[in-house]
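Just so you know, all these numbers are worked out from the coordinates, no wet-lab data involved. Keep in mind that what you see is a predicted model, and the values were worked out from it rather than measured. With ideal geometry, Cβ positions are generated from the backbone for all residues, glycine too; neighbour counts draw on all protein chains shown.
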Amino acid sequence: MLASVVQIGNSRGIRLPQNILRELKIEDKVEMTVHNDALIIKSVEKKPREGWNEVFAKMSKNKEDTLLLSENIDSEDFEWVW
């Protein structure tokens, strides 16, 4: 498949057809490497909960990790309001 190199601002790029993006499950980012004389473009898999540890540590440091629900939610005195 041939693709044209097009001007994109001060850079140049190629447009990837929708069917290729869908087939390779490419969403927001790709990993690019050069091997010999070839440009290799790979999809980047999103890992569930990636980066959560860092975010939770930052929340704790900033004291932003308070409970949204009362701790006595499981006690007999607690009554759900619907």
Checklist entry - Once the dipole of the chain is set up with Lys and Arg at +1 and Asp and Glu at -1 on Cβ about the Cα centre, which of VAL5, ILE20, ASN62 lies farthest towards its positive end? => result VAL5
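Report the full-extension gain for the segment LYS29 to GLU71: residue separation times 0.36 nm, less the Cα-Cα distance, to one decimal in nm.
Numbers: separation 42, 0.36 × 42 = 15.12 nm, distance 4.03 nm.
So the extension gain works out to 11.1 nm.
How charged is the neighbourhood of GLY51? Take every other residue with its Cβ under 15 Å from the Cβ of GLY51, and add Lys/Arg as +1 and Asp/Glu as -1.
Details: positive: LYS29, LYS46, LYS47, ARG49, LYS58; negative: ASP28, GLU45, GLU50, GLU54.
Computed value for this residue: +1.
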Next on the checklist: Using only Cα atoms and rounding to the nearest 10 degrees, what angle (0 to 90) does helix 52-61 make with the longest principal axis of the chain?
Outcome noted: 50 degrees
Checklist entry - Add -39500 (n - 2.57) for each DSSP H run of 4 or more in the chain, then divide by its residues: what number comes out at 222 nm, to the nearest 500 deg cm²/dmol? => result -5500 deg cm²/dmol
Item to check | Relative contact order (%) - criterion: Cα under 8 Å, at least six apart; region: the chain | outcome: 13 percent
Item to check | Global form of the stretch 1-66, assessed from the alpha-carbon gyration tensor, a/c cut-off 1.5 | outcome: prolate
